[in-house]
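Data block below; observations after.
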Amino acid sequence: MCGIVGFVNTKEGKEQIIEDMMARIVHRGPSSAGQFVDDQVAFGFRRLSIIDLAGGSQPIFNEDGNKVIIFNGEIYNFQSLREKLIAAGHTFTTHADTEVVLHGYEEWGTEILQKLRGMFAFAIWDREKKELFGARDHFGIKPYYFAHMNDTFMFGSEIKSFLPHPDFDKVLNKAALKPYLTFQYSPLNGETFFKGVHRLQEGHYFIYNDQGLTIREYWDVDYSKKQQLSREEWVEKIDQAVQESIAVHTISDVEVGSFLSSGVDSSYVASVLRPSRTFSIGFDDKTYNEAIEARKLTEQLNLNNTAAVIDGEMSFAAFPLIQYHLDEPDANPSCVPLYFLANLASQQVRVVQSGEGADELFAGYAAYGFHTNSKAVRVFAQGLKKLPKSLRVHVGRQIGKMKNFHGRIHLYESTAPARDFFIGQAQIFEEAEASALLTNAYQEAPSVAEIVAPFYDKAEGFKDEVNKMQYLDVHQWMPKDILLKADKMSMASSLELRVPLLDIELMNLAQTIPTKYLINQNNTKDVFRQAANRHLPNEWANREKLGFPVPIKAWLKEGTGYLAVKTIFEADFAAEFFDQAAILQLLEGHRNGQVNLQRKIWTIFTFLTWYKVFFVDQEIPQARSIHYETIA
C-alpha cells in the first residue's frame with residue numbers, strides 16, 4: 001500500500017517539485033520513498049511496506065530500463081501471473097506484485113488489466129514511446145486523480161499532492177456544491193470539487209502522449225446473465241467464495257488484523273479470518289455503543305479485541321484534519337469513527353480487513369425495497385414483483401401517488417421503476433431546498449437526474465430494478481463515498497485496508513444471483529446472511545444494518561458541537577455560498593426540537609470546514625495526540 005504522484009512536461013526543476021508533491025502524501029507511505037525524473041516525466045512514490053519488505057521499493061524498471069512503474073495497491077494473484085511471465089522469458093529483480101504489473105504490460109499490453117485481481121492505481125512510463133499508461137481497479141478501491149493545467153499533465157493518489165506544483169491552479173468547482181448538498185459527497189461524473197481535477201473512473205485506464213489523453217473502460221458489472229440454482233446452492237457458493245477471497249486477501253509479509261462492528265459484514269470477515277487482533281470503536285452515547293456490541297461477538301468467538309470510546313469533543317477537534325485527508329467534502333458521519341478506528345488499529349498492525357462492498361454486491365440496503373417489519377406486506381410485495389413489467393410499473397406508480405399508509409413505501413419501491421425514485425443511498429436536501437439556501441453564484445450545476453442518467457441508461461438492459469439500483473451504487477455511492485472514505489481514513493494513519501467482500505471473483509458470482517434470493521420477504525442480502533450464519537452465533541447475521549451510528553443529533557444541540565457549527569455558519573466566507581440567516585435558522589431549529597435537521601446541518605458544516613481548510617486557512621491542520629478510553 002502506497003501513494004503515487006507524478007507529472008509530465010518538458011520544464012526544468014522537476015526534482016524539487018516532485019519532492020514537494022511527495023511530501024504531501026507521506027502518510028500514505030512512511031516506510032520509504034523513491035522517485036524517477038527525466039526530461040519528460042517525474043514519478044514520486046511513498047511506500048508502506050507490506051510485501052517483499054526488503055526488495056519492493058519503487059519505481060521499478062523492466063529489464064532494459066525503457067519502462068518504469070509506480071504502483072499503489074495489492075495484486076492478490078500476482079504469484080501465478082509471475083510464474084507465467086517467467087515462463088514467457090521475463091526476468092524479475094524483486095518479489096513484489098508491482099513488477100508483475102510492469103512485465104505483464106510488456107507481455108500483454110492493456111490486456112493485463114483483464115488478468116489482475118486486486119486493488120490498484122498505477123502509472124507506467126514508456127521512455128521510448130514517450131507515453132504514459134495508467135489504470136484504476138475494477139471498483140475504485142484505490143483513488144486516482146489527474147489534471148491537465150498549464151502544459152503539465154499531473155496525476156496521483158490524492159488531490160492534495162497537486163497543490164505544491166507551480167502549474168496547478170487551485171480553483172473551486174462551483175458546479176459541485178449544489179449536487180453535493182443532495183448526495184452528501186462529490187457526485188459529479190469525472191470532475192471534482194477542484195476545477196479541472198478529475199477522477200479516473202473505476203474500471204478505466206488512460207493513455208497520455210503527444211496526441212493527448214485517451215480514456216477507456218476495461219471492465220463493468222453485468223447483471224444480464226443469471227444462474228438458476230436453489231437457495232441452498234447459492235448459500236454454499238457464496239460461503240465458498242467468501243472464504244476463498246478472505247484467504248487470498250491475507251497475502252502479506254506483516255500481520256493482518258480486522259475491523260469489527262456489530263454488523264454482519266465485518267463479523268463474517270472476522271469470523272472466517274480469525275485474526276490475532278480485531279478493532280472496534282464506539283461513542284460515549286447511552287443509546288447504543290458499537291464497540292460494546294462488537295465485543296459481545298469477539299467474546300463468543302474467542303477473538304482478541306481492542307475497543308475504544310470517543311466523544312464529541314475529540315471528533316470536532318479532529319474534523320478539519322479528517323476533511324483535509326478526504327480531499328473533497330464528505331458528509332457521511334461515519335468518516336469520523338472510521339478515522340479514529342484506523343488510528344487505533346495502526347498502533348498495532350499495518351493491514352486490516354474490513355467489510356465494505358457486501359451491501360452493493362448482495363443487495364443489503366433497505367433502499368432497494370425493504371421498508372417494513374410487516375411480514376404480510378413483504379410477502380405481498382414479493383408477489384407484486386411477479387406481475388408483468390408494464391402492469392407492475394403501473395401499479396407501482398399508482399401506489400406512489402397515494403396518501404401514506406403502512407407499507408406504502410415498501411410496496412412503491414418494490415414495484416416502481418428505480419429511475420423514478422432512486423438516486424443512491426443518501427438524499428440530504430431536495431434540489432429545491434438546496435437552491436433556496438445557495439447564493440446566485442452556485443445555482444448553476446448538473447441536476448440530480450442528469451448525474452444519475454448515464455448509469456440508468458447503461459443499465460437499461462437489466463431486467464430487474466434492484467440490479468439497476470445496485471449498478472448505480474457500484475458507480476456512485478461505492479467509489480465516491482464508501483471506498484473513498486475507507487481509503488483516505490485508513491491511509492491517514494498509514495494503515496492498509498483490504499476489502500475481501502469487494503473482490504472481482506466474488507462479483508463474478510454475485511452478479512449472476514437472481515434478486516429473489518438477495519432481497520425478499522425474509523431480509524436484505526438474504527443468501528449472503530445465511531452463508532454468514534454458518535460462522536456466526538445464531539441469528540447474528542440477521543441483525544439490522546446500522547452502519548456506524550454517530551450521535552450528531554446530540555452533538556449539534558449544545559456544547560462543543562453546537563458552538564463549532566454556529567461559529568463557522570457565522571463566518572464571513574460562509575456568506576459567499578449560503579443564505580446565512582437560513583442556515584443559522586436550521587441550527588436553531590434543530591436545537592429547539594425540529595426533527596430531521598441534523599444531517600442537513602452536518603452536510604453544510606462539512607463543506608464549510610473543508611473549504612476553510614483548503615481555501616481560507618490554506619495550511620495542513622495539525623494532528624492532535626489522541627488518548628483513547630479503552631473498553632476492558
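The values are calculated or read from the model by the stated rules, or taken from the named source; none is laboratory data. Computed from a predicted structure; not experimentally measured. Here the Cβ positions follow ideal geometry from the backbone for every residue, glycine too, while neighbour counts run over all protein chains shown.
Does any residue of the stretch 147-154 turn out to be touching a strand residue (DSSP E or B) at 6+ places or on another chain (Cβ under 9 Å), in a strand (DSSP E or B) and under 24 Å from residue 221 (Cα atoms)? No. The set of residues from the stretch 359-380 being out of contact with any Ser or Thr (no Cβ under 9 Å at 6 or more places or on another chain) and modelled with pLDDT of 95 or more comprises 360, 361.
Filtered by the rule that a residue be surrounded by fewer than 22 Cβ atoms within 10 Å (Cβ to Cβ), modelled with pLDDT of 95 or more and either closer than 19 Å to residue 3 by Cα or of a type in the set (S, T, N, Q) (or both), the stretch 92-113 gives a lone residue, 110.
Being over 30 Å from residue 442 (Cα atoms), of a type in the set (Lys, Arg) and at pLDDT 95 or above is a description that does not apply to residue 160. Looking at the structure I just gave you, is residue 413 of a type in the set (D, E, K, R), part of a helix (DSSP H, G or I), within 25 Å of residue 596 (Cα to Cα) and at pLDDT below 95? In short, yes. Checked against (1) touching a helix residue (DSSP H, G or I) at 6+ places or on another chain (Cβ under 7 Å); (2) surrounded by 13 or more Cβ atoms within 10 Å (Cβ to Cβ), residue 589 meets all criteria but (1).
Restricting 208, 185 to those that are assigned by TED's automatic domain parsing to the domain that holds residue 121, assigned to a loop (DSSP other than H, G, I, E, B), in contact (Cβ under 8 Å) with a residue 40 or more places away in the chain and among the aromatic types (Phe, Trp, Tyr) reduces the list to 185. Candidates 242, 221, 235: the one that is under 30 Å from residue 148 (Cα atoms), at pLDDT 95 or above, crowded, with 17+ Cβ neighbours inside 10 Å and touching a helix residue (DSSP H, G or I) at 6+ places or on another chain (Cβ under 9 Å) is 221.
Each row is one residue, and each column tells you yes or no for (1) of a type in the set (Phe, Trp, Tyr); (2) assigned by TED's automatic domain parsing to the domain that holds residue 191; (3) touching a Gly at 6+ places or on another chain (Cβ under 7 Å); (4) more than 30 Å from residue 618 (Cα to Cα).
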| residue | (1), (2), (3), (4) |
| --- | --- |
| 65 | no, yes, no, yes |
| 74 | no, yes, yes, yes |
| 87 | no, yes, no, yes |
| 107 | no, yes, no, yes |
| 122 | yes, yes, yes, no |
| 153 | yes, yes, no, no |
| 161 | no, yes, no, no |
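Within the stretch 479-536, if we keep just the residues that are under 18 Å from residue 243 (Cα atoms) and among the charged types (D, E, K, R), the residue that is surrounded by the fewest Cβ atoms within 10 Å (Cβ to Cβ) turns out to be 505. Just one of the listed residues (426, 453) is modelled with pLDDT of 95 or more and of a type outside the set (S, T, N, Q), and it is 453.
Among residues belonging to the stretch 391-448 that are basic (Lys, Arg) and within 32 Å of the chain's Cα centre (by Cα), point out the one that is surrounded by the most Cβ atoms within 10 Å (Cβ to Cβ).
We begin by selecting, within the stretch 391-448, every residue basic (Lys, Arg); these are 392, 397, 401, 403, 408, 419.
Narrowing further to those that are within 32 Å of the chain's Cα centre (by Cα): 408, 419.
Values: 408: 16, 419: 19.
Of everything passing the filter in the stretch 391-448, 419 is surrounded by the most Cβ atoms within 10 Å (Cβ to Cβ).
Restricting the first member to the stretch 66-87 and to residues that are assigned to a strand (DSSP E or B), and the second to residues that are acidic (Asp, Glu), the beta-carbon pairs closer than 7 Å and six or more apart or on different chains are 67/106; 67/126; 73/137; 74/97; 75/97.
Condition first: out of contact with any Lys or Arg (no Cβ under 8 Å at 6 or more places or on another chain) and farther than 22 Å from residue 556 by Cα. Now tell me which residues in the stretch 594-620 satisfy that. Full working, then the answer.
Taking the stretch 594-620 as the starting set, the residues that turn out to be out of contact with any Lys or Arg (no Cβ under 8 Å at 6 or more places or on another chain) are 594-597, 599-613, 616-620.
Result: 616, 617, 618, 619, 620.
Pairs linking a residue in the stretch 537-560 that is outside the structural domain of residue 280 (by TED's automatic domain parsing) to a residue that is among the acidic types (Asp, Glu) and modelled with pLDDT of 85 or more, with Cβ atoms under 6 Å and 6 or more positions apart or on different chains, are 560/313.
Collect the residues in the stretch 287-305 that are more than 27 Å from residue 561 (Cα to Cα) and β-branched (Val, Ile, Thr), keeping them in residue-number order.
First, pick out the residues of the stretch 287-305 that are more than 27 Å from residue 561 (Cα to Cα): 295-305.
Within the stretch 287-305, 298 is the sole residue that qualifies.
Within the stretch 557-570, if we keep just the residues that are at pLDDT 95 or above and among the hydroxyl-bearing types (Ser, Thr, Tyr), the residue that is surrounded by the fewest Cβ atoms within 10 Å (Cβ to Cβ) turns out to be 567.
Residue-level check: of (1) closer than 17 Å to residue 321 by Cα; (2) surrounded by 15 or more Cβ atoms within 10 Å (Cβ to Cβ), residue 600 misses just (1). Checking the stated criteria, residue 313 turns out not to satisfy the condition of being under 30 Å from residue 221 (Cα atoms), outside the structural domain of residue 423 (by TED's automatic domain parsing) and out of contact with any Phe, Trp or Tyr (no Cβ under 9 Å at 6 or more places or on another chain). With the condition kept exactly as written, say whether any residue in the stretch 539-556 is over 30 Å from the mean Cα position of the chain (by Cα) and either modelled with pLDDT under 95 or assigned to a loop (DSSP other than H, G, I, E, B) (or both). No, that holds for no residue. A residue that is farther than 30 Å from residue 423 by Cα, in a loop (DSSP other than H, G, I, E, B) and of a type in the set (A, V, I, L, M) can be found somewhere in the stretch 239-251.
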